[in-house]
Amino acid sequence: MEYPLNISFKFFTFATQIPVTDSAGSPVCYVRQAPLKLKESVQIFSDQAQARLVCKIDADRVLDISANYALAGPEGEKIGRLARHGMASLWRANYEIFDGDAPVYQIREEDPWVKVFDTLMNMIPLLGLFSGYVFHPAYTVKTSDGRLVMRLQKKAAFLEGRFEITKHEALSPAEEALILYSLMMLLLLERTRG
């Protein structure tokens, strides 16, 4: 897998589907969110053919103010957990990635003002269509001691979402998968914010 990873999805689809490719254009994974579910349910496949499931993510409750998202392998084995920090996440997105019972990574929105300005621009007829060219939220993944390991940033796009993931530190395959799957869930939850 060659970084940066590229993520794109269409805004006007019934079921959200997100292909993820590396910098060489090779498929990394394919994310599909189940439509019309009361609780968030996401499946991540190895590629767009959706023949091999690699991760399933399920919310622990209907309302996601302080929801936890369990990440499990294809046979139900636990991979980890993504937890949203309820009220703190209303201003600035703030999540923790757990491996077992211990938080190992924190995901934070870099600049919460980006979503404020994006929301305001979207309220203006016609001008709101172009907010994807102006505002680009970014999220950092850091270790508990503050080292930056990955970064997710929105890229300029019209009528679709384009994001890029960069890696800043060497990780084991299991750590990399845990962070990538968590970032996919975060992207689905935060995609309407900028």
Principal axis lengths of the stretch 1-84 from Cα atoms, whole Å, largest first?
-> 38, 32, 24
Starting from the amide H of Thr16, placed 1.01 Å from N in the peptide plane, find each other amide H under 5 Å away whose residue is 5 or more places distant or on another chain.
-> Gln33
Specify the inter-centroid distance of the stretch 104-167 and the stretch 43-58, based on alpha-carbon positions, in whole Å.
-> 25
In the neighborhood of Val104, defined by Cβ-to-Cβ distances under 9 Å, what is the net charge if each Lys or Arg adds +1 and each Asp or Glu adds -1?
-> -3
Taking a crude spin-label model, label points 7 Å out from Cα along the C-beta direction, the Leu171 to Ala34 distance in nm is 2.6
Which percent of Cα-Cα pairs in the stretch 154-194 sits in each 5 Å bin, short to long?
-> 5, 18, 27, 21, 15, 10, 3, 0
Can you run the Rg to Rh ratio on the chain? Use alpha carbon positions and the Kirkwood inverse-distance Rh.
-> 0.94
Could you name the lysines whose alpha carbon sits less than 28 Å from that of Lys78, not counting residues in the same chain fewer than 8 places away?
-> Lys37, Lys39, Lys56, Lys142, Lys167
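By how many nm would the segment from Leu53 to Ser8 grow when fully extended, if each residue of separation counts as 0.36 nm and the alpha-carbon distance is taken off? Before the final figure, lay out each step's value.
On the way: separation 45, 0.36 × 45 = 16.20 nm, distance 1.97 nm.
Length difference between fully extended and current span is 14.2 nm.
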Report the FRET efficiency, 1/(1 + (r/R0)^6), for Asp22 and Asp145, where r is their Cβ-Cβ distance and R0 is 41 Å, rounded to 0.05.
-> 0.90
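Every number in this text was worked out from the coordinates using simple rules, so none of it is lab data. Since the model is a prediction, treat every value here as computed from it, not as a measurement. Cβ coordinates were reconstructed from backbone atoms using ideal geometry, including for glycine residues, and neighbour counts include every protein chain displayed.
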